[in-house]
Amino acid sequence: MSLVNLLDLLPSEMESLVQSLGAPRYRGHQLAGWIFGKGVTDLAAMSDLPRELRQALAERYTASPPEVERITPSQDGSRKLVLRLADGARIQSVLMPDDDRLTLCLSTQVGCGFRCAFCLTGTMGLGRNLTAGEIVGQVLAARETLPSGTRITHVVYMGMGEPLASYAATVKSLRILTDPHGFGFSPRRITVSTVGLVPGIEKLARENLRVNLAISLHATTSEARGRLMPVNRAFDLEALLGACRRFPLPLRQRMTFEYVLLDGVNDSAEDARRLVRLLRGMRAKVNLIPFNDWEGAPFQRPALPRILAFQAILLEHGIIATLRWSKGEDVGAACGQLKEAVAAGRGRAAAEVSAS
Ligand code: SAH
């Protein structure tokens, strides 16, 4: 019989679990504290839990984060982690230090099925969804690689895959990350980025999670967006912006619109002015991402003056617009550069085929 991964459980589910094994509820919070708080995954090492409980747990449960297979440091201080899941599939997470922040960019799927034209991950196709345990397990695995005393301060769901296509696992992982008995992250320090799945956005609106939402917009007409992002055929620009307008933003929070700048495709002054009009009246900010290149990509990054001119138009019209110079470009860890061989032959290492 295969063991159930405790990382898939909410702290409240751990309470019920220990009760079902005859222990008092509070043992569940202790168990969660060991795993999510201290990062201890060996049941035998959980010294303040009664031996009988640990033994009963060990018969059917395990706490197994993904295994760190490779760490690739970038010149800019970020690090790409290649993680191996229990079934041998590989995913990537990226640790990005910035002043007093340390952000972990995590994956929600093996590969991605949305095939945005500018994204290398999209060329992989979809392997499978991750479980909630595999999503939060990336935080544990990444934390293990850090010197003691270094804390992950922010989490972004911007790695491989589409968080809202793996909806249940994503929402459960968010609850584990924000639960005071789980990882205890403030929801304001967590950002979920979506390709624009309208039903998922509407469902998320009802979860009361209060995490930040980022929307991959990338074009200012539905026609142009449709050429870049096949998802636009199902949920077009108008439907997407409608769902964004209806999204209940917590006080003082803004919705982020990500906009990859592609030379000669979506980076004109006219585009910038259209973007201003589209976002009028919304509590929005724009995150401009100069295109990160990969081998065989059909796009190019615009020259710097063009990037700055685009940003300037947004700023002139009172729209908060930041430039995201992606981290880890030299090691294939930047936005849109994450790719792993989908499946390795048994016992054989998968060749990394990222654009590094
Ligand atoms: N599936 C989610 C999460 C991915 S987040 C989403 O679509 O939002 C990664 C961000 O990087 C997205 O905004 C994505 O569109 C963007 N991106 C993809 N390929 C890129 C590239 N080559 N250069 C810059 N940004 C890219």
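Taking only the C-alpha atoms of the range 170-298, Rg followed by Dmax gives 15.7, 49 Å.
Could you check how many percent of all C-alpha pairs in the range 122-229 are farther apart than 21 Å?
Values: 2325 of 5778 pairs.
The answer is 40 percent, as a whole percent.
Cα-Cα pairs above 21 Å in the range 24-101: how many percent? Tail of P(r) above 21 Å: 48 percent of Cα pairs. Taken over the range 237-341, the convex hull of the Cα atoms encloses 138 Å³ per residue.
For the chain, modelled as a GNM whose springs connect Cα atoms under 10 angstrom apart, the maximal fluctuation among PRO97, PRO302, PRO50 occurs at PRO50. For the chain, modelled as a Gaussian network with Cα springs under 10 Å, which listed residue fluctuates most, GLY127, GLY336, GLY77? Evaluated over the chain, the most mobile residue of the options is GLY77.
In sequence order, the range 14-21 has phi-based couplings of 5, 4, 5, 4, 5, 4, 5, 9 Hz under the Karplus curve 6.51 cos²θ - 1.76 cosθ + 1.60, θ = phi - 60°, and Gly or Pro positions carry x.
Each Lys or Arg adds one and each Asp or Glu takes one away; over the other residues whose Cβ falls under 13 Å from the Cβ of LEU174, this sums to +4.
Across the chain, the longest run free of exposed loop sites, meaning GluC sites (Glu not before Pro) lying outside DSSP classes H, G, I, E and B with no more than 15 other Cβ atoms within 10 Å, spans 1-206. Residues whose amide H comes within less than 5 Å of that of LYS285, counting only those at least five positions distant or on another chain, are MET255, THR256, PHE257 (H built at 1.01 Å from N in the peptide plane).
Hey, any idea what Rg/Rh is for the chain, computing Rh the Kirkwood way over Cα pairs? Walk me through the numbers on the way to the answer.
On the way: Rg = 21.0 Å, Rh = 21.2 Å.
Computed over Cα atoms, the ratio is 0.99.
Amide H to amide H, with H built 1.01 Å from N, THR194 comes under 5 Å of ALA214, ILE215, SER216, counting only residues 5 or more places away or on other chains.
Sum up the lysine pairs in the chain that clear both bars: alpha-carbon distance under 17 Å and a spacing of 8 or more or different chains. It would help to have the intermediate numbers written out before the result.
Details: LYS80/LYS327; LYS80/LYS339; LYS172/LYS203; LYS327/LYS339.
Final tally of qualifying lysine pairs is 4.
Among the trypsin sites (Lys or Arg not before Pro) within the range 205-287, those in coil by DSSP and having at most 11 neighbouring Cβ atoms inside 10 Å are ARG206, ARG252, ARG280. All Cα-Cα separations within the range 4-62 were binned at 10 Å from zero, giving a P(r) of 25, 68, 7, each value a whole percent of the pairs.
Express the Stokes-Einstein translational diffusion coefficient of the range 185-254 in µm² s⁻¹, to the nearest whole number, given a Kirkwood radius over alpha-carbon pairs, 20 °C and a viscosity of 1.002 mPa s. Present the calculation step by step, with values, prior to reporting the outcome.
Numbers: Rh = 12.7 Å.
Translational diffusion coefficient: 169 µm²/s.
Measuring spread by the Cα atoms of the range 215-257 yields a radius of gyration and Dmax of 11.4, 35 Å.
Counting every other Cβ atom within 10 Å of each residue's Cβ, ARG143, ARG90 order from fewest to most as ARG143, ARG90. Taking 37 °C and 0.692 mPa s as conditions, the range 1-143 diffuses translationally at an estimated 196 µm²/s according to Stokes-Einstein applied to its Kirkwood radius (Cα pairs).
Bear in mind these aren't lab numbers, they're just calculated from the coordinates by the rules spelled out. Because the structure is a prediction, the values reported are computed rather than measured. Cβ coordinates were reconstructed from backbone atoms using ideal geometry, including for glycine residues, and neighbour counts include every protein chain displayed.
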